[in-house]
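To start, the structure itself, in structure tokens.
The values are calculated or read from the model by the stated rules, or taken from the named source; none is laboratory data. Not measured: the values here are computed from a predicted model. Here the Cβ is made from the backbone with ideal geometry for all residues, glycine too, and neighbour counts use every protein chain on show. Note: areas computed on protein heavy atoms with side chains; ligands, DNA, RNA excluded. Shrake-Rupley method; radii C 1.70, N 1.55, O 1.52, S 1.80 Å.
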Amino acid sequence: MRSFFPAESSKEEYSSSLNPQSWLQVERGKLPKLSSIESLIKVQQPPVLPFFKPVDYVEVLAQIHEELESCSSQEQSNLFLFQYQVFKGLGDVKLMQRSLREAWRRAGKRQNEYGPIDVQSHISDINVSSQEKVLMNGNNTSPYVVFTIGDEKIVCDRQKFSELSAPFHTMLNGVFCESVSEAIDLSENNISSSGMRAISYFSMTDSLLEQLSPKLLLEILVFANKYCCDRLKDACDRRLALLVTSKEDAIELMEYALDENSTVLAASCLQILLRDLPHCLSDSRVVDLFLHPNKQQLTVMVGPGLYALFCFLSEVSMNVNSSSDTTVHFMERLADFAENDKERLLAFHRLGCVRLLRKEYDEARCLFERAVKAGHIYSVAGLARLNSIQGEGHISYEKISSVISPVTRLGWMYQERSLYCDGDLRWKDLEKATELDPTLVYPYMYRAASLMWTENSQGALAEINRILGFKLSLECLELRFFIYLALEDYKAALRDVQAVLTLCPHYRMFEGRVAASQLRTLVLEHVEHLTTADCWAQLYDCWSAVDDIESLSVIYQMLESDAAKGVLYFRQSLLLLRLNCPEAAMRSLQLAWQHASSEHERLVYEGWILYDTGHYEEGLQKAEESICIKRSFEAFFLKAYALADSGLGSICSSTVISLLEDALRCPSDNLRKGQVRFFYCTTFWKHFTNQQPVTTQALNNLGSVFVDHEKLDQAADCYIKALKIHHTRAHQGLARVHFLKNDKAAAYKEMTELIEKAKSNASAYEKRSEYGDRDLTKADLAMVTRLDPLRVYPYRYRAAVLMDNHKEQEAIAELSRAIAFKADLHLLHLRAAFHEHKGDVLSALRDCRAALSVDPNHQEMLELHTRVNSHEP
């Protein structure tokens with residue numbers, strides 16, 4: 001989002017501060033000098049995000065959950081879509097995905113798409129006079145009717161044809177003259193003789209001829225719609241839908257679908273177009289298909305989901321070009337189809353952000369004001385930016401101050417207010433912003449840049465490393481890259497730019513002016529070239545030191561060699577998952593699938609894609625297919641994971657151990673071979689010549705399974721073997737074994753070793769806290785919160801201690817501190833229990849409902865919700 005919605009005043013200031021000579025040197029293929037680089041260490045104002053950011057998201061989630069209990073499926077779908085917007089504002093990708101899946105499930109299938117209307121039942125209800133019965137049953141009426149079209153005659157069964165629709169029933173069996181005519185001229189009804197023969201065949205068989213051209217099908221569709229032949233129309237609708245296979249088909253047939261109210265054909269066309277996003281938005285014909293139809297026609301296309309459609313389209317278009325006319329038009333339609341205040345405030349705020357970016361300030365002001373009026377306090381940030389642009393910074397400061405109160409104090413409020421003051425006031429507000437919401441990146445970046453300007457480079461690095469320790473931010477990596485350039489630490493700079501390119505291959509620096517890949521090329525000239533063997537050795541060191549960013553960088557460099565890319569992309573995806581970058585991880589996994597060196601390897605990667613998207617049984621099937629081709633470590637590993645999560649109960653738990661042991665018996669993958677090459681290059685090689693090739697991750701996981709089954713000696717053996725080949729994280733498992741054997745001192749010592757070895761060690765401090773006395777535990781958990789404020793256990797522990805000491809308000813405040821920026825089931829569950837203990841039923845019920853929005857199937861939460869709900873006044 002960095003390139004979206006930059007603050008205009010900041011942008012202009014930043015542009016003017018660029019050194020033209022430095023810029024020319026970069027373009028000529030030279031790195032700028034130290035002083036020039038320091039002049040480029042600037043920090044833009046944080047963007048006004050086009051997200052829904054309520055003052056109290058817990059209250060909003062609780063309201064959504066309450067409404068979900070008593071509304072229709074379509075209303076539930078809309079509520080889950082709004083729930084998605086709440087989680088998007090919190091930046092929780094997993095919860096966003098779950099909400100979207102639930103919205104999709106409840107959207108259902110439109111009834112009109114399935115099951116044609118039973119015309120016969122309608123006909124049987126028609127009141128038929130005695131005179132009509134005589135005409136129908138008497139000998140004066142022929143059982144056949146001849147339709148003439150030009151010079152051709154088509155003989156049809158009168159009764160069968162009359163059953164096609166009520167109008168034809170009335171025409172052929174009613175009081176009209178056609179009911180006693182043997183020949184009826186339909187030459188002026190835009191139907192060909194071939195079309196009429198096909199219709200006659202349908203009237204007799206209730207099915208369409210197999211070899212009908214699309215042109216003829218469209219002709220019959222128009223005719224069927226004109227004469228209300230619903231079964232015939234439905235059959236044509238479905239047959240045409242099967243013929244839509246490309247964007248061109250969709251564009252051509254969508255117009256017919258909308259004109260003839262053909263819901264299945266329209267849905268098929270829409271599906272093809274949506275699958276081609278975002279590329280198809282570059283085609284003006286596609287954009288027109290969404291913008292030109294009226295509401296009734298769009299309902300044919302998407303049913304009642306008009307708001308959902310334009311919510312999606314506007315988001316896709318915004319990601320492509322947030323200031324384009326297409327984005328604006330989609331946003332406008334989004335606002336048009338909003339049906340309540342929740343939908344309107346999001347539409348107004350989003351469109352306001354786009355107008356701000358386009359420098360359409362009057363329109364932006366109007367939209368932000370409407371969003372605020374609808375209840376979106378965050379839109380005040382947009383209004384403050386507009387005042388600042390007009391040179392009224394003092395008014396901006398007052399605007400933000402007006403929304404800050406002892407009850408409503410959020411990190412973004414202090415961050416925004418800091419933009420309109422200087423010196424100590426700005427620093428104080430930014431410190432407060434970090435205290436209230438440590439996930440905000442701008443305060444760290446501003447402080448790091450300020451420290452660089454005062455020539456405190458180590459302080460600057462320490463500040464930016466604070467957030468990079470728990471949140472991998474492109475902007476922060478970019479800033480650290482420039483800091484390292486200023487320090488002439490090109491190896492570290494290379495690491496960061498390669499990490500950036502892993503996360504976003506087309507990322508551009510210098511306000512989007514230079515491709516990051518170009519800067520990487522320049523930095524490479526100052527770094528010693530590494531061979532493939534060197535890279536494997538370095539990757540092993542990084543992996544042993546739990547240095548995930550360095551590992552990403554090394555893998556990026558290795559992908560340029562002739563190494564097996566499938567394996568490397570797969571390793572990359574695992575690292576990205578650990579760094580909480582699910583979108584980038586999925587992209588890497590797809591690349592692994594594309595670059596697989598064999599069919600059995602491709603099946604494994606396909607299985608992991610299915611697994612990571614929640615399709616565990618399908619992932620299990622792919623693992624089994626891969627094993628049938630070749631028994632491999634990764635296939636057995638996937639099967640173990642998929643089986644464990646497939647919900648097959650005790651049967652699968654007893655099988656997982658066997659599967660992991662099967663994995664260990666298989667030859668190791670290329671990363672393990674790289675590790676062997678590393679040992680070959682060292683004096684330690686002699687210790688491994690007789691060792692069977694194994695994968696340390698499998699040893700570690702197998703140890704965990706043994707612990708779960710109380711087989712502690714076998715577990716310890718696995719962890720010790722893993723440690724012998726430098727699987728540093730195995731210290732954690734071995735510490736657990738010591739603890740279960742009642743040796744807390746050994747467990748504490750084991751975790752201390754892990755802390756000393758690991759670069760990313762917040763989790764190690766957290767685990768060590770379980771093995772020390774209360775004072776040591778308190779110190780370790782304080783360190784955890786300092787290193788990674790997103791880890792929730794320390795807040796829960798401190799709150800529990802406070803509750804034990806009868807400090808109820810302080811305990812609730814400790815939980816609320818974390819809940820303010822992280823929607824976590826366990827935090828909400830514990831706070832709900834504390835509220836219940838205090839007798840605050842309404843607050844407890846609110847937290848229960850919000851927690852069930854995070855995980856609707858959590859059994860303990862459901863029980864607490866039922867208990868609290870029974871006490872609601």
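The table that follows gives values for the structure above.
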{"item": "Segment 538-656: C-alpha pair distances exceeding 26 Å, %", "result": "22 percent"}
{"item": "Inter-label distance for LEU842 and ASN189, nm, one decimal - labels placed 7 Å from Cα along Cα-to-Cβ", "result": "6.7 nm"}
{"item": "Rounded percent of accessible protein surface that carbon and sulfur make up, segment 274-357, 1.4 Å probe", "result": "47 percent"}
{"item": "For segment 772-845: accessible area per residue (Å², 1.4 Å)", "result": "47 Å²"}
{"item": "Distance from segment 789-856 to segment 45-82 (C-alpha centre basis), Å", "result": "21 Å"}
{"item": "Probe 1.4 Å, protein heavy atoms only - accessible area per residue of segment 394-462 in square angstrom", "result": "46 Å²"}
{"item": "Cα-based Kirkwood hydrodynamic radius, segment 512-587, one decimal, Å", "result": "13.4 Å"}
{"item": "Residues of segment 736-774 with amide N under 16 Å of a point placed 7 Å along Cα→Cβ from ASP804", "result": "769-774"}
{"item": "Listed residue pairs exceeding 32 Å between alpha carbons, taken from LYS432/LYS749; LYS565/LYS724; LYS778/LYS838; LYS94/LYS565; LYS711/LYS838; LYS724/LYS822", "result": "LYS432/LYS749; LYS711/LYS838; LYS724/LYS822"}
{"item": "Backbone HN-Hα couplings from phi across segment 704-716 [Karplus 6.51/-1.76/1.60, Hz, Gly and Pro as x]", "result": "4, 5, 4, 4, 4, 9, 6, 9, 6, 5, 5, 5, 4"}
{"item": "Loop sites in segment 184-280: trypsin sites (Lys or Arg not before Pro), DSSP, at most 16 other Cβ within 10 Å", "result": "none"}
{"item": "Two-site FRET efficiency, ASN294 against ASP562, from Cβ-Cβ distance with R₀ of 56 Å, rounded to 0.05", "result": "0.45"}
{"item": "Estimated vicinal HN-Hα couplings, Hz - segment 548-560 in sequence order (Karplus 6.51, -1.76, 1.60; Gly, Pro = x)", "result": "6, 5, 5, 4, 4, 5, 5, 5, 4, 5, 5, 5, 7"}
{"item": "Average accessible surface area per residue within segment 319-377, 1.4 Å rolling probe, Å²", "result": "43 Å²"}
{"item": "The chain: angle of helix 306-320 to the longest principal axis, Cα-based, in degrees nearest 10", "result": "50 degrees"}
{"item": "Under 15 Å from LYS630, Cα to Cα: aspartates and glutamates that are on another chain or at least 8 residues apart", "result": "GLU599, GLU601, ASP662, ASP669"}
{"item": "Nearest 10 degrees, 0 to 90: helix 263-275 Cα axis against the chain principal axis", "result": "30 degrees"}
{"item": "Under the Karplus curve 6.51 cos²θ - 1.76 cosθ + 1.60, θ = phi - 60°, whole-Hz ³J(HN,Hα) for segment 70-80, x wherever Gly or Pro sits", "result": "9, 9, 6, 4, 5, 5, 4, 4, 5, 5, 5"}
{"item": "For ARG508, distant residues with modelled amide H under 5 Å away", "result": "ALA516"}
{"item": "Carbon and sulfur %, accessible surface of segment 493-644 computed with the full protein complex present, 1.4 Å", "result": "51 percent"}
{"item": "Chain lengthening between GLU618 and ALA746 when straightened (0.36 nm per residue, less Cα-Cα)", "result": "41.8 nm"}
{"item": "For ILE184, distant residues with modelled amide H under 5 Å away", "result": "VAL146, PHE147, THR148"}
{"item": "Extension gain from LEU524 to LEU243, taking 0.36 nm per residue of separation minus the Cα-Cα distance", "result": "96.0 nm"}
{"item": "Sparse-neighbourhood loop sites, GluC sites (Glu not before Pro) in segment 324-389 - DSSP loop, at most 14 other Cβ within 10 angstrom", "result": "GLU339"}
{"item": "Additional length obtainable on full extension of the chain from ASP259 to LYS373, 0.36 nm per residue less Cα span", "result": "37.2 nm"}
{"item": "Cα pair distances in segment 197-288, grouped into 10 Å bins until the bin that holds the longest one, percent each", "result": "17, 48, 25, 9, 1"}
{"item": "Rg(Cα) / (2.2 N^0.38 Å) computed for the chain, rounded to two decimals", "result": "1.15"}
